[in-house]
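Notes follow once the structure below has been shown.
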Amino acid sequence: MKICTTRKSLQGYLEQLKQDGKTIGFVPTLGALHQGHLSLIALAQQNTDVVACSIFVNPTQFNDPKDLEKYPRPIASDIEKLEHANCDVLFNPDVSEMYAGNEQWHLEIGELEHLLEGKFRPGHYQGVTQVVYKLFDIVKPDIAFFGQKDYQQFLIIQKMVGLLHLPVKLMMCPILRDADGLAMSSRNIHLSAEERQHALILSKALNWLKQNFDRNQIPSLKNECEAMISAEPGVELEYFEITDGDNLHTADSHTKKIVALVAAKVGKTRLIDNVIISWQLSVGS
Ligand code: AMP
């Protein structure tokens, strides 16, 4: 696997491949790679000729400096995992390579920026769009692969691509879970064995909702899920919402594309998860 730490070396490497007619798949990550990340690499390999992965802990998307500081950075084992997965190229820049100084960035994303995650992590999506825009500009991928795990992030990047007419296709990839149902996340390593058990309530509630969706009205189902999670010791619920999967507004009985999303703190670790309840195309779309 080729490893590049500068934009110039990455662009030089990819340029030749593009001239040879190869399509480029791109998987941006913050590192501390797990099987979920590797499943994105595998999907990229199935859909494009050359797969580039980036590992960059982007400071501008962290609204909590402590979270940034303690974000895991096991680069040697990440490189091993990528080698093993036959990833073609890794881009692993320093902060100074990505940001010249105190740059200004603002993208008018609209209300999506301020709902759910946006409410609890102010400024997060400005940082995400800032770094993803820069990464797209460097890599110029044909297809970029993002996880459903960060569902709102996918909608926001889709919005940015539309607003700025960026020449890239986006692919949403399914959530990988551990055998007990917990959604894989780089943050899971911070959970104690006991916290990990409590954390299972998130996927249990989402699963229960999916199984029981036709049995009750949406507001009652939401209340039941909230009660289930709030009753779990050591778990502090931030939100549980049953939404229209296009705009994250609260779903009603007419909503076709329904996605339920949850965020909670388990001890000091903040976790998110979601489930697609129904995915019918809306009338007229
Ligand atoms: P992160 O390093 O957390 O920014 O994640 C990088 C990419 O991997 C994002 O597109 C995530 O949505 C995706 N991802 C994270 N966790 C999972 C998972 N459990 N299954 C599938 N994709 C994931």
Residues that are in a helix (DSSP H, G or I) and more than 9 Å from the ligand (Cβ to nearest atom), drawn from segment 39-55: Ile41, Ala42, Leu43, Ala44, Gln45, Gln46, Asn47
Some residue of segment 149-158 being among the aliphatic types (A, V, I, L, M), more than 29 Å from Lys2 (Cα to Cα) and outside the structural domain of His34 (by TED's automatic domain parsing): no
Scope segment 185-199; condition within 15 Å of the ligand (Cβ to nearest atom), over 20 Å from Ser39 (Cβ atoms) and either of a type in the set (Ser, Thr, Tyr) or not in a helix (DSSP H, G or I) (or both); matching residues: Leu191
Unique residue being more than 12 Å from Val275 (Cα to Cα), of a type outside the set (Val, Ile, Thr) and within 16 Å of the ligand (Cβ to nearest atom) when the list is Leu202, Leu182: Leu182
So Lys119, is it among the charged types (D, E, K, R) and either modelled with pLDDT under 95 or crowded, with 18+ Cβ neighbours inside 10 Å (or both): no
Unique match (being surrounded by 13 or more Cβ atoms within 10 Å (Cβ to Cβ) and in a strand (DSSP E or B)) among Phe240, Phe213: Phe240
Criterion violated by Asp64 - all others in (1) at pLDDT below 95; (2) buried (at least 17 other Cβ atoms within 10 Å of the Cβ) satisfied: (2)
Subset of segment 244-253 that is modelled with pLDDT of 95 or more and surrounded by fewer than 17 Cβ atoms within 10 Å (Cβ to Cβ) - its residue that is farthest from the chain's Cα centre (by Cα): Asp252
Answer residue from segment 22-35, given it is open to solvent by 10 Å² or more (accessible area, probe 1.4 Å) and not in a strand (DSSP E or B) and is farthest from the ligand (Cβ to nearest atom) among those: Lys22
Verdict on Glu232 being in contact with a helix residue (DSSP H, G or I) (Cβ under 7 Å, 6 or more places away or on another chain), among the acidic types (Asp, Glu) and part of a strand (DSSP E or B): no
Output for segment 96-114, where each listed residue is open to solvent by less than 40 Å² (accessible area, probe 1.4 Å) and either in contact with a strand residue (DSSP E or B) (Cβ under 9 Å, 6 or more places away or on another chain) or more than 16 Å from Gln158 (Cα to Cα) (or both): Met98, Tyr99
Pick from segment 225-237, criterion surrounded by 17 or more Cβ atoms within 10 Å (Cβ to Cβ) and of a type outside the set (Val, Ile, Thr), ranking: nearest to Gln197 (Cα to Cα): Glu232
Long-range neighbours under 7 Å by Cβ, at least six apart or interchain, first residue part of a loop (DSSP other than H, G, I, E, B) within segment 90-112, second open to solvent by 80 Å² or more (accessible area, probe 1.4 Å): Ile109/Lys159
Filter result for Phe146 (in a strand (DSSP E or B), surrounded by 12 or more Cβ atoms within 10 Å (Cβ to Cβ) and of a type in the set (A, V, I, L, M, F, W, C)): yes
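The values are calculated or read from the model by the stated rules, or taken from the named source; none is laboratory data. Please read these numbers as outputs of a predicted model, since none were measured by experiment. Backbone-built Cβ (ideal geometry, glycine too); neighbour counts: all protein chains shown. For accessibility, only protein heavy atoms count, side chains too; no ligands or nucleic acids. Shrake-Rupley method; radii C 1.70, N 1.55, O 1.52, S 1.80 Å.
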